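Just below is one structure, and these are the notes that go with it.
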Amino acid sequence: HTKVCQVAAQAFNIPLDHVYVNDSSTDKVANTIPSAASMSTDLYGMATLDACQQILKRIQPIKDSLSPDATLKEVAKKAFFERIDLSAHGFFALDNDRCGYDWNKDRPEGFPADLPDNAWKGHPFNYFTQGVAMAEVEIDVLTGDHKTISADVLVDVGSSINPAIDIGQIEGAFIQGMGWATIEEVIYGDDDHTWIRPRARMHTTGPGTYKIPAFNDVPESFNISLLENANNPFAVHSSKAVGEPPFFLGCSVFFAIKDAITAARGGDCGYFEFRLPATSERIRMACSDDIASDCIGSDRDQSSFQPHGSF
């Protein structure tokens, strides 16, 4: 709720602690949508701004009749006695003319050849959030363990409404993506795991078998930066959504691990397949040394061997 409160506080020029958010309920807004897909601030922030602007328009004559330094409390008091409505219902929905995609639309005649393929079908998203990450890792070629030494992340979140919240969201999404790409291995009953019964039963269903990042997995040096001077005219106060987009940046750790394995194999080892997630077993076997060769066996191609999982 913090960002939505900030939108209201800025609109009325009042301190943030003067804004209160009541519980969500259909007796207040009958057709809300879930706070999912990083859309909350975009939609609820714009709806809040809409409601604030309605009230501000009604009380503007009251403000004009008072001294320039009159507080909102004084304005509201006079507006109350003059029977001016001090409540408003704000609503916001994306413009379908801007954000809409028709999968079945054929390429129109005369469509410019220099535009991207399928561009004629519409604009699937209201805007895009970009980011870049660089990670440095160390691997133990004997055990397959890895440690993330540093990670530097730069994300375009437009003109951030609350940088502290956005940076926290980026940190969380990056670590979540890093875990997904390295240690979160899904195992279920299949041809490679016939001991799991019945077939297709999920084995990694709890903390004993499915490992998520812990405090010790956070990069030793973890730097998050927000792109400056990157306004976004298509969302509230030129901001951008930030909850989920940085997730895939965690894959920079996976690719850093692969680079480290390449160095362990020899810089001229050429291409080799390295599958995600980068578990300890996969890292260890991909290092392709004498110990791995003895374990794999002479009848298999050591350079392309793929472990079937950590179980």
(message) If a residue must be open to solvent by 60 Å² or more (accessible area, probe 1.4 Å) and either within 23 Å of E244 (Cα to Cα) or part of a loop (DSSP other than H, G, I, E, B) (or both), how many such residues does segment 175-202 contain?
(response) 12
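A quick yes/no check of all residues on (1) in contact with a Cys (Cβ under 9 Å, 6 or more places away or on another chain); (2) within 29 Å of N216 (Cα to Cα); (3) among the hydrophobic types (A, V, I, L, M, F, W, C); (4) touching a residue at least 12 places away in the same chain (Cβ under 8 Å):
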position	(1), (2), (3), (4)
A76	no, no, yes, yes
F92	no, no, yes, yes
D97	no, no, no, no
W103	no, no, yes, yes
Q130	no, yes, no, yes
V137	no, yes, yes, yes
D166	no, yes, no, yes
Q169	no, yes, no, yes
W180	yes, yes, yes, yes
(request) Give the residues of segment 103-131 that are in a loop (DSSP other than H, G, I, E, B), open to solvent by less than 50 Å² (accessible area, probe 1.4 Å) and closer than 19 Å to A37 by Cβ, sorted by residue number. (result) N126, Y127, T129
(request) Scan segment 251-280 for residues that are of a type in the set (A, V, I, L, M, F, W, C) and over 23 Å from the mean Cα position of the chain (by Cα) and jot them down. (result) A260, I261, A263, A264, C269, F272, F274
(message) So, in segment 23-75, exactly how many residues are closer than 24 Å to F128 by Cβ and open to solvent by 80 Å² or more (accessible area, probe 1.4 Å)?
(response) 2
(request) Check segment 256-276 and report whether any residue there is surrounded by 17 or more Cβ atoms within 10 Å (Cβ to Cβ), at pLDDT 90 or above and of a type in the set (S, T, Y). (result) yes
(request) With the checklist (1) modelled with pLDDT under 95; (2) in a strand (DSSP E or B) in hand, flag the one item T143 doesn't pass. (result) (2)
(message) Restricting to segment 203-245, and then to whatever is charged (D, E, K, R) and surrounded by fewer than 17 Cβ atoms within 10 Å (Cβ to Cβ), can you tell me which residue is farthest from the chain's Cα centre (by Cα)?
(response) E220
(message) Could you list, ordered by first residue, the pairs with Cβ atoms under 6 Å in which the first is in segment 272-301 and under 30 Å from G177 (Cβ atoms) and the second is open to solvent by 30 Å² or more (accessible area, probe 1.4 Å) and of a type in the set (K, R), at least 6 apart or interchain?
(response) F274/K258; S288/R265
(request) Would you mind stating whether D152 is surrounded by fewer than 19 Cβ atoms within 10 Å (Cβ to Cβ) and either in a loop (DSSP other than H, G, I, E, B) or of a type in the set (S, T, N, Q) (or both)? (result) no
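The values are calculated or read from the model by the stated rules, or taken from the named source; none is laboratory data. In this text the structure is predicted, and so the values were computed from the model without any measurement. So basically every Cβ, Gly included, is an ideal-geometry build from the backbone, and we count neighbours across all protein chains shown. In case anyone asks, the SASA skips ligands and DNA or RNA and just uses the protein heavy atoms, side chains included. Shrake-Rupley method; radii C 1.70, N 1.55, O 1.52, S 1.80 Å.
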